[in-house]
Amino acid sequence: MAIKLGVNIDHVATLRQARREVDPDPLVAARVARQAGADLIVCHLRADRRHVQEEDLKGLRKMLKSGMHVELSSAPEMVRIGAKIKPDWVCLVPETPTEITTEGGLQVKGAQAGRIEKAVKQLKRVGIGVSLFVDPEAISVRMAHNFGADAVELCTASYAKSVGKHKQRTELEKLELAGYLATELKLELHAGHALDYSNVGPIAQIPNLSCLNIGFSIIARSVFTGLKGAVSEMKKIIVSAR
Ligand code: PXP
């Protein structure tokens with residue numbers, strides 16, 4: 001199975017928001033990324049609007065006939081916006097105001113769980129594919145299945161941040177195991193977070209993985225190489241790992 005590459009363009013918008021200017025335009029970034037081999041364009045509308053804005057989502061929806069993937073928290077306001085914009089995919093993620101980036105997968109217990117289940121139903125009702133961003137644990141993958149999600153996106157942060165071959169191997173095995181369970185439960189398998197050019201290879205070999213969502217490392221590299229080169233190099237690594 002060929003793996004799709006989702007390129008997260010949040011940090012193009014981060015740069016624009018630093019001066020509240022019109023450049024660099026995330027829509028232009030999306031066009032360049034697609035031309036360079038990105039299969040999906042990913043972005044995260046946050047409660048604090050620190051990078052992409054609702055207007056960007058509207059523009060992306062007009063521009064992209066397919067492959068628009070938006071990360072949202074399960075807060076009612078966000079779910080309403082998602083249902084209105086109708087991207088091809090919504091990935092529900094946890095979100096806290098003080099975090100620098102998403103910190104791990106959704107929690108399966110407590111009030112958040114009920115809100116997630118409701119959000120999945122609301123988004124699916126209007127024809128959006130829904131994935132849940134989860135840690136590579138059986139309980140979380142089962143939650144996604146029980147809530148009626150179409151896919152899980154496994155959080156690769158612990159793998160990416162692990163130091164030493166042994167620890168990295170252990171984290172990779174957790175991802176593989178969670179992936180097998182997701183496939184058994186007929187969930188589409190996605191993965192992402194903190195992946196870069198040096199650590200993505202083994203992840204791209206996880207059986208049944210259909211999509212990798214990568215942002216920061218691609219946008220960081222693009223400062224020196226240009227976005228086209230940064231995307232096409234990542235795509236090459238992923239494709240050749242299979
Ligand atoms: N997947 C999810 C659910 C995320 O929240 C993020 C960060 O926005 C990513 C993938 C991309 O992570 P990174 O920017 O570290 O590649």
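Is it the case that some residue within segment 72-90 is surrounded by fewer than 16 Cβ atoms within 10 Å (Cβ to Cβ) and at pLDDT below 95? No, the conditions are met nowhere in segment 72-90.
Go over the candidates V126, V93, V120 one by one and state the one that is touching a helix residue (DSSP H, G or I) at 6+ places or on another chain (Cβ under 6 Å), among the hydrophobic types (A, V, I, L, M, F, W, C) and at pLDDT 95 or above.
Values: V93 fails: touching a helix residue (DSSP H, G or I) at 6+ places or on another chain (Cβ under 6 Å); V120 fails: touching a helix residue (DSSP H, G or I) at 6+ places or on another chain (Cβ under 6 Å).
Going through V126, V93, V120 in turn, just one is touching a helix residue (DSSP H, G or I) at 6+ places or on another chain (Cβ under 6 Å), among the hydrophobic types (A, V, I, L, M, F, W, C) and at pLDDT 95 or above: V126.
Filter segment 152-184 down to the residues that are closer than 17 Å to M1 by Cβ and more than 16 Å from the ligand (Cβ to nearest atom), then identify the one that is surrounded by the fewest Cβ atoms within 10 Å (Cβ to Cβ). Looking at residues that are closer than 17 Å to M1 by Cβ and more than 16 Å from the ligand (Cβ to nearest atom), I get E184.
Picking from residues in segment 1-24 that are aliphatic (A, V, I, L, M) and in a loop (DSSP other than H, G, I, E, B), the one that is nearest to the chain's Cα centre (by Cα) is I9.
Within segment 193-235, restricting attention to residues that are hydroxyl-bearing (S, T, Y) and touching a residue at least 40 places away in the same chain (Cβ under 8 Å), which residue is nearest to the ligand (Cβ to nearest atom)? Walk me through it before giving the result.
Within segment 193-235, the first condition is being hydroxyl-bearing (S, T, Y), and the residues that meet it are 197-198, 210, 217, 222, 225, 232.
From what is left, the residues that are touching a residue at least 40 places away in the same chain (Cβ under 8 Å) are 197, 210, 232.
Details: Y197: 11, S210: 14, S232: 17 Å.
Per the stated criteria, the residue is Y197.
Listed by first and then second residue, the pairs linking a residue in segment 19-43 that is among the basic types (K, R) to a residue that is part of a helix (DSSP H, G or I), with Cβ atoms under 8 Å apart and 6 or more places separating them unless they lie on different chains, are R31/M63. Only one entry of D196, D150 meets the criterion of being at pLDDT 95 or above, closer than 29 Å to L15 by Cα and among the charged types (D, E, K, R), and that entry is D196.
Yes/no per residue for (1) more than 16 Å from the ligand (Cβ to nearest atom); (2) within 30 Å of V141 (Cβ to Cβ):
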position: N8; (1), (2): no, yes
position: V28; (1), (2): yes, no
position: V42; (1), (2): no, yes
position: Q53; (1), (2): no, no
position: K58; (1), (2): yes, no
position: H69; (1), (2): no, yes
position: L72; (1), (2): no, yes
position: I81; (1), (2): yes, yes
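The values are calculated or read from the model by the stated rules, or taken from the named source; none is laboratory data. Note that this is a predicted model, so its numbers are computed, not measured. Ideal geometry is used to build each Cβ from the backbone, glycine not excepted, and the neighbour counts take in all protein chains shown.
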